[in-house]
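Just so it is clear, none of the values below were taken in a lab; they were calculated from the coordinates. Here the structure is a predicted model, which is why all the values come from computation and not from measurement. Using ideal geometry, Cβ is built from the backbone for each residue, glycine included, and neighbour counts are taken over all protein chains shown.
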Amino acid sequence: MNSGNKILAVFGSTGSIGCSTLEVVRRHPEHFTVRYLTGNSNAALLVEQIREFRPAAVAVSDPAARAQVAAEVGQLTEVLDGPDALADIAARDDYDTMVSSLVGFAGLLPTVTAIRAGKTIALANKETLVVAGEIITALTRTHGTPLLPIDSEHSAIQQCIVGEPAHGVARIILTASGGPFRGWTTEALQAVTPAQALRHPNWSMGSKITIDSATMMNKGLEVIEARWLFDVDPSRIDVVVHPQSIIHSMVEFTDGSVKAQLGVPDMKIPIHYALTYPDRLAADYDRLDITRIGTLTFEEPDSDAFPCLRLAYDALRAGGTAPACLNAANEVAVAAFLRRDIAFPRIAALIEESLTHVPQHSVTSIDDIVEADRATRAWAETHIMQTDFQPTTRIHT
Ligand code: NAD
Ligand code: MG
């Protein structure tokens with residue numbers, strides 16, 4: 001099968017996933033055309049990308065960066081202005097695949113617009129499915145839009161279940177590296193710095209997801225992502241720590257057979273798979289040398305030192321606005337940790353407090369999600385420094 005020439009809109013092209021996506025395009029120019037790019041504050045990189053890929057238009061969210069881009073390459077491309085620029089590009093009719101690789105809640109509304117416009121979504125922005133999984137999956141069914149995961153674990157699961165009947169899937173086993181603080185005690189985690197937390201052992205990624213990996217919240221978000229992508233009950237999604245990050249995830253089938261997908265930790269491979277699915281387009285990314293790796297190990301996650309994973313399961317089971325609340329509190333807490341305003345364990349504490357104190361509701365629309373995100377951020381921003389909190393109530397599961 002030939003993948004044809006896919007016309008891409010790369011949202012967040014200046015980020016880690018955005019740059020890896022453009023590298024996949026560079027290696028396969030006969031298969032991909034870049035029509036739109038978007039960035040935030042890294043004007044210099046966006047200018048380089050515009051010179052190389054000649055997109056029809058770009059959206060630049062940060063006003064100073066937008067002015068710089070317009071001044072330097074305004075004659076080469078349309079530089080869109082204002083808060084609706086991302087939605088404007090997402091709704092255009094002359095591209096077919098959105099690479100959704102903004103970070104955080106900012107990715108939700110452009111992705112919704114692209115789904116409503118009938119685009120194929122190559123999804124890196126897991127937060128979209130975390131905050132609004134039920135609505136998003138319903139929308140993709142209504143509009144007939146494929147939702148193809150870029151996240152390496154979910155790409156692995158998809159590769160394991162291709163050709164399998166849905167009733168054959170017994171359990172999804174997500175692998176986690178354990179991050180830079182695997183094996184650390186709660187006490188030792190009090191003193192960790194952003195610089196230490198940003199040093200991921202296996203993957204080079206944007207700062208928000210790198211902190212999420214250090215707290216294990218990334219795996220919590222991925223449990224929620226898997227629940228919606230593969231329509232599996234949370235009780236059938238397990239997490240196992242696998243420090244080598246070679247097995248990207250596994251699926252256990254109802255007959256006891258287990259399939260795993262392996263590879264070197266390189267996001268270009270799952271991006272390539274999402275952009276060429278259901279084809280297998282040959283590529284020359286680094287190959288896995290399993291004898292050089294030698295040993296693969298597995299262990300249980302430590303939910304005492306890393307409570308974020310449990311909080312994510314709790315929020316998923318509680319449903320309604322709870323996952324959006326979890327996500328918003330996490331974004332506020334991670335930003336505060338990166339500013340050195342709070343200690344590392346305070347991230348999980350603030351999320352737990354937010355889930356307990358911000359009123360949770362059922363969800364019927366994207367507007368409900370936007371409001372839950374706003375209300376949680378407001379609460380979390382005003383309570384972030386309070387460290388003597390003792391939770392009295394819990395979300396019931
Ligand atoms: P990043 O921080 O490197 O890049 C984020 C991109 O979004 C940048 O282009 C930035 O300009 C843009 N952006 C940020 N805030 C914005 C805003 N408010 N408005 C408009 N644009 C904004 O992040 P990343 O590591 O590439 O991650 C992107 C997404 O992919 C995240 O959801 C992450 O969880 C997911 N993901 C990343 C990896 C990885 O290896 N980096 C792996 C799996 C999943
Ligand atoms: Mg992942």
* To do: Place a label point 7 angstrom from the Cα of Met385 along the Cα-to-Cβ direction, then list the residues of region 340-377 whose backbone nitrogen is under 14 Å away.
  => 340-343
* Within region 127-202, report the trypsin sites (Lys or Arg not before Pro) that DSSP leaves as loop and that have at most 13 other Cβ atoms within 10 Å. => Arg199
* For the charge dipole of the chain, defined by +1 on Lys and Arg C-beta atoms and -1 on Asp and Glu C-beta atoms about the Cα centroid, which residue among Gly82, Ala282, Thr254 has the Cα displaced farthest towards the positive pole? -> Ala282
* Structure fact -> If every Lys and Arg gets +1 and every Asp and Glu gets -1 at its Cβ, then about the Cα centre region 6-149 yields a dipole, in debye to the nearest 20, of 340
* Under unit Cβ charges (Lys, Arg +1; Asp, Glu -1), what dipole magnitude, rounded to 20 debye, does the chain have relative to its Cα centre? -> 440
* Can you tell which of Leu148, Gly104, Tyr313 lies farthest toward the positive end of the dipole of the chain, using +1 and -1 charges on the Cβ of basic and acidic side chains (Lys, Arg; Asp, Glu)? -> Leu148
* **Sequence-separation-based contact order of the chain, relative, with Cα cut under 8 Å and 6+ spacing, percent** => 15
* Say the dipole of the chain comes from +1 at the beta carbon of Lys and Arg and -1 at that of Asp and Glu; which of His242, Phe344, Ile211 then lies farthest toward its positive end? -> His242
* ³J(HN,Hα) across region 16-21 via Karplus (A = 6.51, B = -1.76, C = 1.60, θ = phi - 60°), whole Hz, x for Gly/Pro? -> 4, 5, x, 5, 5, 4
* Asked: If each of Gln75 and Thr186 carries a label point 7 Å out from its Cα toward its Cβ, how far apart are those two points in nm?
  -> 6.3
* Based solely on its DSSP helices, what 222 nm [θ] is calculated for the chain when runs of n ≥ 4 H residues each add -39,500 (n - 2.57) and the sum is averaged over all residues, nearest 500 deg cm²/dmol? -> -13500 deg cm²/dmol
* Asked: What percent do you get for the relative contact order of region 6-149 when only Cα pairs under 8 Å and 6+ apart count?
  -> 22
* ³J(HN,Hα), Karplus 6.51/-1.76/1.60, whole Hz, each residue of region 198-214, x for Gly, Pro -> 7, 9, 6, x, 10, 10, 9, 9, x, 5, 5, 5, 5, 5, 4, 5, 5
* Structure fact -> Close lysine pairs (the chain; alpha-carbon distance under 15 Å; 8 or more apart or on separate chains) counted at 4
* To do: Give the calculated FRET efficiency between Ala166 and Asp238 to the nearest 0.05, with a Förster radius of 22 Å applied to their Cβ-Cβ distance.
  => 0.75
* To do: Work out from phi, with θ = phi - 60° and the Karplus expression 6.51 cos²θ - 1.76 cosθ + 1.60, the ³J(HN,Hα) of each residue of region 304-309, listed in order in whole Hz, and give x for Gly and Pro.
  => 7, 6, 10, x, 4, 4
* **Fewest-first sequence of Ser213, Ser362 by Cβ atoms within 10 Å of each Cβ** => Ser362, Ser213
* Pull out the extension gain between Ser41 and Arg54, defined as 0.36 nm times the separation in residues minus the alpha carbon to alpha carbon distance; nm, one decimal. => 2.8 nm
* **Nearest-20 debye value, region 292-370 charge dipole, Cβ charges on Lys, Arg, Asp, Glu** => 240
* Full extension from Leu198 to Glu300: what is 0.36 nm times the residue separation minus their Cα-Cα distance, to one decimal in nm? -> 34.4 nm
